[in-house]
1. Please report the spacing between the Cα centers of the range 605-648 and the range 268-344 in Å, no decimals.
2. For each of 606, 235, 242, count neighbouring Cβ atoms within 10 Å of the residue's Cβ, then give the residues from fewest to most.
3. Compute the distance in nm between two label points, each set 7 Å from the Cα along the Cα-to-Cβ direction, one at residue 493 and one at residue 284.
4. Hey, could you pull the Cα Rg and Dmax for the range 200-295, both in Å?
5. With labels modelled as points extended 7 Å from the Cα through the Cβ direction, what inter-label distance (nm, one decimal) is found for residue 465 paired with residue 511?
6. Which loop GluC sites (Glu not before Pro) in the range 334-414, with loop taken from DSSP, have no more than 12 other Cβ atoms within 10 angstrom of their Cβ?
7. Taking 8 Å as the Cα distance limit and 6 or more residues as the minimum spacing, I'd like the relative contact order of the range 4-193 as a percentage.
8. I need the GluC sites (Glu not before Pro) found in the range 1-108, filtered to DSSP loop residues with at most 10 other beta carbons within 10 Å of theirs.
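What follows is calculated from the coordinates using simple rules that are stated; it is not laboratory data. It should be emphasised that the depicted structure is a prediction, and the values quoted were computed from it without experimental measurement. Cβ: placed from backbone, ideal geometry, glycine included. Neighbour counts: every protein chain shown.
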Amino acid sequence: MRNCVHDLSTLNWTLTGYLPNQWDLCSSAELGENLDADVRGIPAAVPCSVQKSLLDAGLIPDWNQGDNYRLCEWVENRQWLFETQLPQEWLSSSTRHMLKIDGLDYKGRIFVNSTQVYSFDNAFVSHEVELTRYLEKSNNTLQIIFDCPPRWLGQYGYTSKINDWKPRYNYTWDWTRRLVQTGIFGPISIEGFDSVYVRSVISYTDYDYQSGTGEVCVSFDAQSDSDVYAEISLFDGNQTVFSRKHPIDGGVFSAGRLKVSSWWPNGLGHQKLYRLRIRIYDGSGNLVKEVSERVGFKKISWKNCHSTPAECDPWICRVNGRDMFIQGVNWTPILPNYADLREEDYFLRLNHYKEMGFNLIRIWGGGVKEPDCLYEICDELGLMVWQEFPLSSSGIDNSPPREKAAIEVITETAVSYLKRLQRHVSISVWCGGNELQTALDGSPGIGLPLDSTHPMLESLEEAVMLFDPQRRFMPTSPIGPRFNAHEESFNQNLHWNVHGPWKAKGYTLDQWQNYWQDEDSHFRAEMGIPGPSSADIITKYKGSFEPLPVSLENPLWSASSWWIEDQEFIDEHGRCPSSIEQYVQWGQKRQADYLCTALNIYKSKFPRVGGFIIWMGHDSYPCPANTSLIDFEGNLKPAAVRLKDILLKPANRVECEVNVL
């Protein structure tokens, strides 16, 4: 009998809020009575964040307005209970039932009919638990209770002390305000089955560009009471490339020397995708499960930039035998309440990047477990993915934990990423995390990127080599002898893959041009220039504040304190801006001029350099100013429009010139 998958997002859910520990007291048998909830049951459109449900119910203000985010912090200091009733018809058609949840942010427990069946404390992995023995003949209640999140995991602190595996950026980063999400994200379902349960199907492809042939490999994680086999088929439109049977306990299935067309990154060729269909049959020949996914075929290798010493890491990406200049954009989560995003939110931004001419996104290590739809869209649009594991710097101390328990958790998390994502042809690089480093003398601080001798990064590298050895692993970014590149250290072979600068403070445009002509890095995985949002965005989200003055004295602008250039405006004009429109026009032109100058010069150096990844892609919050190319509502800033002309030119046709309008 075919397994039945029931979508729990179609059910009616309620959300109830309790003071810390109040729900545990309410549910205690010793109490004998229920205490009144702090927030009585309100509707919740699961998957969703607690914050969005409260906003929809009129219980908190729009956190994007002014400093309203401060008025939402009380939400973190509550327990939150999601509850629903399971339809009896869902449970009567099968003998066993598995609850499957893509993501839970962050820590709590799951109850069925008042019995705890599961606990969770990692927002970066999926969850599943068999419910069978806890179910009654009727009136089954499912409850998910979230405990209060950690008080602080934000931008400033100690990476070595991190032991809460929850996204850090929504505690506050330099480009977003504090909104610490609690909630259920991604698909949530119950799968009913009898004798066969397939936990996961793991597939990956490889390509030999010299012969024009590909390979498909498939393995299974399954439990079964009978002989089970899979029918594995690859289709090119309506044409069958191959179709074969394989026992799911028979090790890794492999079909090689397949005559296929290659997948190319954006700007280099067509993004050819095939359909891989896996049908699983029980011992009696009954179809129990079918999986269908899109796959592509590519081969990536890396080689040294021209005229660089042999000991340097390779930074020219070679795709299907062809050298390419990486022109990427750093991807950060679209919203702090990422549980509420829709697929169209991802497509809007990713399609902008494709149309602009980017060929790679770097998924930053301080973010979230992004949904499968992001990678599906990247497969389709030709955007290669540099995927970081969820580790990032903290300013004071930037080295990850060394304790065995923490290493085990992050390695298990990495393995879940590898199994889930390696089928995507867009995945091109695995990276241990963002800006993991010490001071140059090895003490806590900034300056010297870590390598795989660090025990946590060594474990991550081993996981990649075990599960996805054909793709490159980088212990962190930056990589090499230095974190960033200053003029005094040029021409000493110290700058391999570096980060920065993010501002042009103190540089005239001519001095900025000289910096980029003289610098000697091989790759820039982060570099940006701030620019204000449009006057319409600033005015729309200003709340009770006024757009002027542009100053840290104005609370509206203090939220973007790193990215205000009020002094630069004063130095150039001898006065403060007379209107927000005047400041925006000046600041957006400045961002475009300085970014275009940097990218134009850097790209003209190819193949002496390998690539450039702009920090950052899009706003996650309506910042008055930020280094983003796309504003909070998904609109291109003028810098993005100007950059398109450079990005769309082949690397060998870019001339070293200053691009100023």
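1. 22 Å
2. Working: 606 22, 235 15, 242 11.
So the residues, fewest neighbours to most, are 242, 235, 606.
3. The two pseudo-label positions are separated by 7.0 nm.
4. When restricted to the Cα atoms of the range 200-295, Rg and Dmax are 14.6, 50 Å.
5. 4.6 nm
6. Listed in order of number, the matching sites amount to none.
7. Relative contact order of the range 4-193: 29 percent.
8. The qualifying sites are 30, 33.
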